[in-house]
1. Give me the distance between the Cα centres of region 232-248 and region 116-133, rounded to whole Å.
2. Give the long-range amide H neighbours of PHE427: residues separated by 5 or more places, or on another chain, with amide H under 5 Å away, using H modelled in the peptide plane at 1.01 Å from N.
3. Run the helix sum for the chain: -39,500 (n - 2.57) per DSSP H stretch of 4+ residues, divided by residue count, reported at 222 nm to the nearest 500 deg cm²/dmol.
4. How large, in percent, is the carbon and sulfur part of the accessible surface of the chain at a probe radius of 1.4 Å?
5. Quick check: pseudo-label points 7 Å beyond the Cα along Cα→Cβ at ARG60 and VAL300, how many nm apart are they?
6. Provide the gained length on full extension for the span LYS416 to ALA168, in nm with one decimal, where the gain is 0.36 nm per separating residue minus the Cα-Cα distance.
7. Describe numerically, in nm with one decimal, the distance between label points set 7 Å from Cα along Cα→Cβ at ASN276 and at GLU178.
8. Tell me the per residue accessible area of region 102-181 using a 1.4 Å probe; a whole number in Å² is fine.
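The values are calculated or read from the model by the stated rules, or taken from the named source; none is laboratory data. On a predicted model such as this, the values are computed, not experimentally measured, just so you know. Note: ideal-geometry Cβ built from the backbone for every residue, glycine included; neighbour counts use all protein chains shown. Note: areas computed on protein heavy atoms with side chains; ligands, DNA, RNA excluded. Shrake-Rupley method; radii C 1.70, N 1.55, O 1.52, S 1.80 Å.
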Amino acid sequence: MRHLAIIGSGPAGYYTAEAAQKQWGDDVRVDIFDRLPVPYGLIRTGVAPDHQSIKGVSQRYEKTALSENVRFVGNVTVGQDISVEELQELYDAVIFATGAPNDRPLDIPGEELANVFGSAAFVGWYNGHPNFATLDPDLTGRNAIIVGMGNVALDVARILSKTQAEFAGSDIVVHALEVLQTSKLEKITILGRRGPHQIAMTPKELGELGLLENACPRVDADDLPEEGEDAMLEPGQRKSVGHLRSFAAIPEGSRADYGKEVAFQFFGVPERIVGNGKVEALEVAETELRDGKLVATGKVETIPCDLLVSCIGYRTSPIPGVPFDQRAGRFANDEGRILPGLYCVGWARRGPSGTIGTNRPDGFSTIDKIEQDYDSGVLGSIRKEGRPGFDRLAEARNLDVVTFRDWKKIEEAEEKAAREGAPREKFVRVEEMIRARG
Ligand code: NAP
């Protein structure tokens, strides 16, 4: 029998468990650890609450979770309740599927001011992640700036722009809905350090900005390259730029029908956040691309800003003793191998890129490597104890392990508590989750 421990129950974790099942059938036991009592990681607390169809993929993970040889071990923090070394003594292979939960900092003065947030915190707040449920952003100012031109920036812009009615059918948590109701925001600027051809937004997600009830996207036509130059872009990017062109073509007259504006500002790098205790403005250094390289022109503009959310990517949490690539912000690894017996998948392996589905081949390829390491003897010839060993340790330490069956009770309680038309009302505190298990 093979014994695997996967740390993290998000998409990367469950796809890897699925791959292990496919590879070894009944000859494997997989324990999936999570520090939260609830599974699914980014599906639950990263994917936007109004993108329910994407969240539907959790049904696939549930199928994996309910099979005999896969077990959810919730409410257990690796590094605190059990060490990586202890896991390695119990399991043949330990796989980090811990994602990239920390914000990359802007590293500019003023980042500590109130109402300045990274996207991990801000997205975690409106998605009810226990670590960020008490964030309490102030949306009563007129101007918000979102730094970065990726899909997370789009998620944040859309959530800040939607009317209450547009949240129907979403699972946005009630504390966020209440704060959004107080919003006086009029202008949401999405700031990019490069130009329209370099945005990291995908067409479907960018197109959604043009469908908002009370917010109108704005692109200055002068910022767009000659239309003919779009031909050299790959098709998806060309489509995205097409959306920017259609936003630039919105007649000025029709803008008055909207209460909010989502304005794209290109070629600007945040230089300093200004404010007395709380953010009041952002100093932005103008940039240009010379031979593909970003250079500052020397001009600096000060933009009013009452709320700043930086959406510039994420970093994996390092673990003492586990090799880490500081520059890339993920575990140092060779195609998923960190050290003999230690592996990583998903964002912890390749950094924060790609879609949810990208994690599937990633998980399968890591399981391939583990199979090779079994074959070549890297994982030793004696199989480890696995589950029974962990259960003994959990009992000795009095760990309050939350099982998948417990999660189903928590899920049921969340579904029962849902507002009309919503799929669930999430518990946002760990104690509430544990209590709901009964
Ligand atoms: P991302 O796609 O990598 O975009 C990050 C953005 O931040 C880029 O525009 C980047 O500009 C900019 N940036 C980086 N460092 C900066 C700095 N110091 N100052 C100013 N700007 C900076 O990251 P993301 O938006 O966090 O998304 C992460 C991954 O999740 C992506 O693969 C994304 O597609 C995916 N995702 C998908 C969905 C969806 O499919 N619905 C939703 C959310 C996220 P440069 O290009 O100049 O570096």
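1. Here the answer is 30 Å between Cα centres.
2. The list, which skips near neighbours in sequence, is empty: none.
3. -8500 deg cm²/dmol
4. Details: 9480 of 19340 Å².
Accessible surface attributable to carbon and sulfur in the chain totals 49 percent.
5. My value for the distance between the label points is 4.8 nm.
6. Working: separation 248, 0.36 × 248 = 89.28 nm, distance 1.64 nm.
Contour length minus the Cα-Cα distance gives 87.6 nm.
7. Output for this residue pair reads 3.0 nm.
8. 34 Å²
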